[in-house]
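Scroll down for the structure; my scribbles are underneath it.
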Amino acid sequence: MTKPVLVFDMDGVLVEVSESYRETIQRTVEHFTGQRITRESIQEIKNQGGWNDDWKLSNHLIREAGVNVAYQTVVDYFQSIFHGDGTNGLILRERWIASEGLFDRLAARYQLAIFTGRLKWEANVTLTRHAPTLRFDPLIGTDDVENGKPAPDGLLKIRAATGGRELWYVGDTVDDARSARGAGVPFIGIAAPTSARRRELVELFHAEKAIAVLDDINQLESAL
């Protein structure tokens with residue numbers, strides 16, 4: 001029997017990133033502006049949609065503070081904090097969310113895939129560190145598509161690569177939900193209880209016709 005395809009976003013879904021990506025945004029903005037933005041403010045902007053790319057978001061926040069810095073300079077500083085020298089980057093603070101055995105059970109029923117806003121090589125760094133035996137195929141990064149989320153390009157690419165099979169998408173932002181809607185794919189939202197502005201995010205997921213909203217992916221089997 002041909003398995004349906006269960007597609008995951010990465011940040012906030014497979015790995016907890018509040019001390020990696022979110023902290024990197026805060027430090028990058030603070031470096032160029034002298035002001036430390038709150039994580040609630042970051043989530044407020046994320047909930048508006050259109051800010052899936054953390055490089056562009058950091059650049060936007062710096063410009064909003066009245067500081068004019070070349071975009072590539074922002075990206076370079078962001079990456080220097082996130083990756084460091086390979087032994088001290090904030091990426092090392094990430095935590096794998098799934099409980100033991102979850103993906104073994106899911107893989108028996110679904111083909112597993114990823115559509116992430118990360119560059120593909122960055123996704124592979126984290127997967128190699130936390131889940132070296134798991135197979136996600138296809139793995140689509142933001143550098144694999146012409147238009148990033150909320151555009152549906154990544155999900156459409158996965159559908160084409162898997163022969164038009166039924167897809168499900170699991171994500172944690174309104175851009176994930178809108179990407180799924182654009183591709184005609186059922187969406188399951190993740191809204192962690194500790195997330196800033198969680199109630200607003202849950203309302204956004206329902207407005208985007210999410211079939212379920214979960215605390216984390218360990219509740220996924222009951223939703224499916």
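Values in this text are rule-based calculations from the coordinates and carry no lab data. Quick caveat, the model's predicted, so the values are computed rather than measured. Neighbour counts are summed over all protein chains in view; Cβ atoms, including those assigned to glycine, are modelled from backbone coordinates with ideal geometry.
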_Would the chain count as rounded, prolate or oblate if I go by the C-alpha gyration tensor, calling it rounded below 1.5 in a/c and otherwise prolate when a/b exceeds b/c, oblate otherwise?_
prolate
_Within the chain, helix-based [θ] at 222 nm, where runs of 4 or more DSSP H residues each add -39,500 (n - 2.57), nearest 500_ = -12500 deg cm²/dmol
_Charge dipole (debye, nearest 20) of the stretch 21-92; +1 at Cβ of Lys and Arg, -1 at Cβ of Asp and Glu_ = 100
*Largest to smallest principal axis extent of the C-alpha atoms in the stretch 1-123, angstrom*: 57, 34, 24
_If the only charges are +1 at each Lys and Arg Cβ and -1 at each Asp and Glu Cβ, what is the size of the charge dipole of the chain around the Cα centre, to the nearest 20 debye?_
340
*Links that overshoot a 19 Å alpha carbon limit, given the list Lys120/Lys149; Lys46/Lys120; Lys3/Lys157; Lys56/Lys149; Lys120/Lys157*: Lys46/Lys120
*Karplus-derived 3J(HN,Hα), 6.51/-1.76/1.60, for each residue of the stretch 82-97, Hz, glycine and proline x*: 5, 9, x, 9, x, 10, 9, x, 5, 4, 6, 7, 5, 10, 6, 8
*Estimated inter-spin distance, Gln219 and Ala107, nm [label 7 Å along Cα→Cβ]*: 2.6
_Could you tell me which residue out of Val185, Asn47, Ser18 lies farthest along the dipole of the chain toward its positive end? Charges go on the beta carbon: Lys and Arg +1, Asp and Glu -1, centred on the Cα centre._
Val185
*Measure nothing but the geometry: give the 0 to 90° angle between the long axis through the Cα atoms of 21-33 and the longest principal axis through the Cα atoms of the chain, rounded to 10°.*
20
*Quick one, can you get me the convex hull of the C-alpha atoms of the stretch 21-92 expressed as volume per residue in Å³?*
82
*By DSSP, what percent of the beta bridges with both residues in the chain are antiparallel, rounded to the nearest 5?*
10
_Packing-based ranking, highest mean first, of 58-66, 32-40 given that Cβ atoms within 10 Å are counted_ = 58-66, 32-40
*asked:* Can you give the local net charge around Asp172? Use residues other than it whose beta-carbon is closer than 10 angstrom to its beta-carbon, Lys and Arg +1, Asp and Glu -1.
replied: -4
